[in-house]
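All remarks here apply to the structure that follows.
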Amino acid sequence: MKNDDSIPSVKEETLKVTRAASPDRSETSSLETSSKARLRFPLRLQVLGLMLLLSVPLVVGLSTYLMQVNQSAMVDAQRALHLTLARSAHHEFDRILDEARTTMSNVALALSDPSIDAESRIPIALTLASTSDVLDGIAIYDADGGLIDILNESDDGVESDRKPNGEMVEGTQGERNVFREQLEQKHLRQLNESDWTIGNVQGKGLPIALGIPIEAQNKITGYVMARMNSKHMGKILEETLVHNISAQASRAFVVDAHNKVWLNAGEKSVNVTSLERHPLAEGIDLRARHHSLTRFREFQYQNAPIEVGSLMMHAESGWGIIVATEKDVAYASLTRMRERMWITLGLAAVFALLLSLLFARYLTAPLQRLIEMTSKLASRDFSSRVEIRRSDEWRLLGKAMNRAAFDLKESEDRLREESRMRSNLGRFLPKPVVDNIVAQRSDLELGGQRRRVTIMFADVVSFTPLAERLKPEQTVAFLNELFTVMTEIVFRNQGVVDKFMGDSVMAFWGAPNEDDHHEDHALKSAKEILRFVKVSNREWKKKYDVEVQIAIGLNTGYAVLGNLGSETRMDYTVIGECVNVAARLESVARPGQVLLGHDTHKGLNQKAGVQAYGEHRLPGMGSDFQVYALTT
């Protein structure tokens, strides 16, 4: 059978809903495959990396900051310790000098006191001198610098009693001071500067001498000269400096006004002979001793280990004190703290890694169940449910997935029911009616409504002789082939096939859906039916050895549209006078002719090819009707 290519397939129309409800299996298979594929960067790994990226720099930065703070605090503590010890040593030395001057003043007073007889002065002075531990080698000189007697003789001896620069009894105060200072230097030269050791303190005879003039009646009659007890000073250094810091890696030096080292304390003492060569003195004018000076820094002396130390210069005496400690020892607690910090950091990193793994696993655990749920939904298993026992967004997502599965199940059941209803109702009802029923815009109750419609009756002319020539099976096959195409033509032009009556078809336009051009659509359908029959007759001639002609009647008017019959068996049809007129027009139409009623012609927008056919009295009608005929 030849057919117009523009005529749609009934099978395709009836399967639209089923296709829409059945997703592409290739897409479903792709979803299932992708859900089971091994991911290169799963979310758990991303969460783990993010947590490590945030936590590790924070921990490292915080640890570095704490170490820097502790290092700064340790440096400040060491500086304070060294300076405090040096300052304490200076205070002790000042106290000793004051004590020495007091003792010598008492000796000078005893020697010049007129209330004491001459024979008792020396024993009294000797007694006063013997009570002092800070003085060594107390001697009495006359006004000319000659040695008179030694009151507190040390192991060191006096070699001669030569005057330093002649007699200086008279003169100005300045000249007397010069003479006294010369006498002090002479006294020092006369005393042997022997080496000595006390504990971890090594030194030479203390190069400090004190001179007190003996005055009587405002006239200098002599001098009391003494040297500081170097061993006693060493004990002070031992107690004040070395015992207060780490003795294993600490040392202390005392330098005189000439920058010579005369005390060297500490187990690991370094052979330092002069302050001028010491790194702590770099950039200091050692000749300017008119003010005190304090310095703390790191340094390295020769090939010795790196040390931290302080230098304090005493303006009055010109002494200098150096306190130094090996850097590794001074900052040993800082090194231990760093080691512990790195160990703690490593343990914290491991703990953070384990915690991140646990948290990432906890965070992403519901995701795997949700992925499995989506795979089941993709395979159209809408009965599955996912349970997320959490109190966060994952639980909401799980509920949403369960709701989606429930809705999809209902939707699929509804689509399946709609498909079944369309398939069943489509055999008996027009497609628009089926659509309205499925969409629940109308129901299958008995009754109807008045609508303006255009009715068509199409009948096979001389069908009885044709049926007599064909076998029943051929007759049924021929009619099915003819009615199938006619139905497709009616549907394509927005019409409704009402019923098949033997060899005729009844159809209408304008209902149930509104159609403002139902007259034109009905006429167009009639033209296409005639054209189809004309083209198909050649094939039917070969196939069935028959040729057929169609007579068509069209009429427009008001009719009642609805369900007619009983609650158990009903038809969707139109009833009214306009329907009878259309049937009468088809009965008087010649083979291959289309006759139209007056109202149909009046409602046409395209009247080309339609001419008046005159007034005719139709069978069963009591009056004449104006009839029009399609000529082309």
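List the GluC sites (Glu not before Pro) within segment 484-565 that DSSP assigns to loop and that have no more than 11 neighbouring Cβ atoms inside 10 Å. Working shown, then result.
Numbers: sites: E488, E514, E519, E528, E539, E547; in loops: E514, E547.
Passing both the DSSP loop test and the Cβ count: E514.
Mind checking the per residue accessible area of segment 465-532 for me, 1.4 Å probe, whole number of Å²?
Details: 2870 Å² over 68 residues.
That works out to 42 Å² for each residue.
Set the Förster distance to 51 Å, then compute FRET efficiency between E99 and W342 from the Cβ-Cβ distance, nearest 0.05.
Working: r = 53 Å, r/R0 = 1.03.
Using R0 = 51 Å, I get an efficiency of 0.45.
Once amide H atoms are placed 1.01 Å from N in the peptide plane, what residues at a sequence separation of 5 or more from Y223, or on another chain, have their amide H within under 5 Å of its amide H?
The list, which skips near neighbours in sequence, is Y141, D142, I214.
Just list whichever of K231/K327; K409/K499; K534/K602; K499/K542; K534/K607; K499/K541 have alpha carbons separated by over 25 Å in the model shown. Provide the component values of the computation, followed by the final result.
Working: K231/K327 30 Å; K409/K499 37 Å; K534/K602 28 Å; K499/K542 29 Å; K534/K607 23 Å; K499/K541 27 Å.
In this structure, K231/K327; K409/K499; K534/K602; K499/K542; K499/K541 exceed 25 Å between Cα atoms.
I'd like to compare 350-357, 329-336: which one has the highest average count of other Cβ atoms within 10 Å, and what's the full order after that? Intermediate results must be reported in sequence, preceding the final value.
Working: 350-357: 14.5, 329-336: 16.8.
Listed from highest to lowest mean packing, they are 329-336, 350-357.
Expressed as a rounded percentage, what relative contact order does segment 281-390 have, with Cα pairs under 8 Å and six or more residues apart?
Normalised by residue count, the contact order of segment 281-390 is 14 percent.
The values are calculated or read from the model by the stated rules, or taken from the named source; none is laboratory data. The structure presented is a predicted model; accordingly, all values stated were derived computationally and were not measured. We place every Cβ from the backbone using ideal geometry, glycine too, and count neighbours over all the protein chains shown. For accessibility, only protein heavy atoms count, side chains too; no ligands or nucleic acids. Shrake-Rupley method; radii C 1.70, N 1.55, O 1.52, S 1.80 Å.
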